[in-house]
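The values are calculated or read from the model by the stated rules, or taken from the named source; none is laboratory data. Nothing here was measured: the structure is a model prediction, and the numbers come from that model. Note that we place each Cβ from the backbone using ideal geometry, even for glycine, and neighbour counts take in every protein chain shown. Just so you know, the surface numbers come from the protein's heavy atoms only, side chains and all, with ligands and any DNA or RNA stripped out. Shrake-Rupley method; radii C 1.70, N 1.55, O 1.52, S 1.80 Å.
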Amino acid sequence: LVKSRRMVVLAIIYGVGNILSYYALARIGAGTFVVIAQGKTLTTALFSSLMLGRIYSWTQWRALITLVAGVILFVLPTFEQENGLTTNTTDTDAITSAADNKILMGCLIEAIVILLSGFASIYFEKSIKSAAESEGLDIWARNFQLAFHSIFIYVILI
């Protein structure tokens, strides 16, 4: 268990990210959620550059951006305007503002989730590589440690 401290951090990051995803999805539509979630590809590449020192060519960055843009264009027609608010009130500006704030909050929460996800993915890769070199642990041991700690983290968070 002493060698699994990094997996505790990772379990917390994944747990918080998953809980935040539920909050985001409660505030925005599924189409918006999917479009924003496509940023995980770019944040993962960004964190791999920063944390692992990987260098991507401009062609590779363009390919990643094109991939994300393609998925966004595919999902765009599925957007639905679901704000769930009625307009029986005379103050429609307040209703519109409340709906806009709810959507903005959902988008911000999902942006935090994609940053956490990109960081967690590269943190896990770095943990595996450093553990294999220094501690002799392979990916299976790290996955077991992550699963073990995740059980307790999710019991606490839920």
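3J(HN,Hα) couplings calculated from phi for segment 45-54 with the Karplus curve 6.51 cos²θ - 1.76 cosθ + 1.60 (θ = phi - 60°) are, in sequence order, 5, 5, 5, 5, 5, 6, 8, 9, x, 5 Hz; Gly and Pro show x. Heavy atoms only, probe 1.4 Å: what % of the accessible area of the chain goes to carbon and sulfur, would you let me know? Carbon plus sulfur share of accessible area: 68 percent. Here residue 73 and residue 151 are evaluated by their C-beta separation; at R0 = 25 Å the FRET efficiency comes out at 0.05. Straight-line cross-link reach from residue 102 at under 27 Å between alpha-carbon atoms covers these lysines, not counting any fewer than eight positions away in the same chain: 40. Placing dummy labels 7 Å off each Cα toward the beta-carbon, the span from residue 135 to residue 19 is 2.4 nm. Length gained on full extension, residue 59 to residue 144, computed as 0.36 nm times the residue gap minus the Cα-Cα distance: 26.9 nm.
In a simple Cβ point-charge model (Lys, Arg +1; Asp, Glu -1; nothing else charged), the chain has a dipole of about 680 debye relative to its Cα centre.
With a ≥ b ≥ c the root eigenvalues of the C-alpha gyration tensor of the chain, is it rounded (a/c under 1.5), prolate (a/b larger than b/c) or oblate? Here the chain falls in the oblate category. Taking the Cβ of residue 50 as the center, what net charge do the other residues with Cβ under 14 Å away carry, scoring Lys and Arg +1 and Asp and Glu -1? Here the charged neighbours net out to +1. Any idea of the accessible area per residue across the chain, 1.4 Å probe, to the nearest Å²? Using a 1.4 Å probe on heavy atoms only, each residue of the chain averages 64 Å². Other residues whose C-beta falls under 14 angstrom from the C-beta of residue 125 contribute a net charge of +3, scoring Lys and Arg +1 and Asp and Glu -1.
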